[in-house]
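A quick write-up on the structure given underneath.
The values are calculated or read from the model by the stated rules, or taken from the named source; none is laboratory data. Computed from a prediction, not measured in an experiment: that's the story for all the values here. Neighbour counts are summed over all protein chains in view; Cβ atoms, including those assigned to glycine, are modelled from backbone coordinates with ideal geometry. Keep in mind that these areas ignore ligands, DNA and RNA; they rest on the heavy atoms of the full protein, side chains included. Shrake-Rupley method; radii C 1.70, N 1.55, O 1.52, S 1.80 Å.
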Amino acid sequence: MTTSATADEFERHRPRLFGLAYRMLGSAEEAEDAVQDAYLRFSGADRAGIEHAAAWLAKVVTNLCLNRLTSARARRENYVGTWLPEPVVTSDGTLGPLESAEQREAVSMALLILMERLTPTERAVYVLREAFGYGHREIAGVLDLSEPNCRQLYRRAVRRVGVPQARFDAAPERREELVASFVAAARDGDLAGLEKLLAADVTWSSDGGGKARAARRPVEGREKVVRLVVGGVERFAAGLDYMAVEVNGATGLAAWAGDTLAGVVAFDLRDGLITHVRVVVNPDKLEFVRRQLASS
């Protein structure tokens, strides 16, 4: 097969491979690197020994991610402040079709954070089973494990992740309305307006990669979050422009300072109220979204 044909064949699989790697790693940048490494292996492999390219590539990407997860876990243990996954704009199909609440939940920041509880192998089993519908026999082939072992790993992963609360119970129009109202109330310093939008147990998490402008620890409770939002807008965000975007399957915001992407905000909703606000301002985690928005 020619180099061009190999590249064309690989490109047909790239979106699915990226979706697999991102769910495994919680990092768009590292997912891109893993997929590129898989391409190099694919282009140099003996094609006669590859019966099904999709299965072969899924196995390669999974194992590349397992290697990366081991070092990533060590880095995250020493991370300054709150660690959040790299946000991804999902309205362009980057992470595959998100037509149901379950599909949106599978790429949510909340679930990616919960999966940090899992060992690398548990996470691989969970992602392959939950997000890609692999049977336990197929998973065993990918990971070179026995089928009973994979079943046990899956049961353990489900227990550790738990049953996440629904975060997408409102219609898309209502979600967009809530987010727009949140921005308006924050800009106006409307404390009462913000209180009406936030659940009593709302949490604010921000990832600045150690930057002082991001809270080092999550802030919990409606009154504390309202004060944080109003004070933050006054000090840091008064001159920003906000654009509604679909972030990890949910309505979110991209905040711009001129031509610079200053942050991405993702919201969890329940019973018509905002229950969690996740803010990523670490510039290292914004490059992928910036490129996505620039090309849209």
Quiz item: Can you give the FRET efficiency for residue 146 and residue 117, using 1/(1 + (r/R0)^6), R0 = 25 Å, r = Cβ-Cβ distance, to the nearest 0.05?
Solution: 0.60
Practice problem: Calculate I(q)/I(0) for the chain by the Debye formula, one identical point scatterer on each C-alpha and no solvent, and give its log10 at q = 0.11, 0.13, 0.16 Å⁻¹ to two decimals. | Solution: -0.68, -0.92, -1.30
Quiz item: How many percent of the accessible area of the chain is carbon or sulfur, using a 1.4 Å probe?
Solution: 49 percent
Self-check item: Between region 267-288 and region 142-157, the alpha-carbon center distance in angstrom
Solution: 32 Å
Practice problem: Using a Gaussian network model of the chain whose springs link C-alpha atoms within less than 10 Å, name the residue from 21, 72, 124 with the highest mean-square fluctuation. | Solution: 72
Quiz prompt | Å² per residue, accessible surface of the chain at 1.4 Å | solution = 48 Å²
Quiz item: Stretched out fully, how many nm does the piece from residue 103 to residue 156 gain, at 0.36 nm a residue minus the Cα gap?
Solution: 16.9 nm
Quiz item: When the Cα centres of region 2-48 and region 184-202 are compared, how far apart do they sit, in Å?
Solution: 44 Å
Self-check item: the chain, relative contact order in percent, only Cα pairs under 8 angstrom and at least six apart counted
Solution: 20 percent
Quiz prompt | Potential extension, residue 7-residue 184 segment - 0.36 nm per residue separation minus Cα distance | solution = 59.0 nm
Quiz prompt | Estimated distance in nm for a label pair at residue 257 and residue 234, the labels positioned 7 Å out from Cα along Cα-to-Cβ | solution = 2.0 nm
Quiz item: Using a Gaussian network model of the chain with C-alpha springs under 10 Å, which one of 112, 240, 269 is most mobile by mean-square fluctuation?
Solution: 240
Quiz item: Fully extended, how many nm does the chain gain between residue 92 and residue 54 (0.36 nm per residue separation, minus their Cα-Cα distance)?
Solution: 11.5 nm
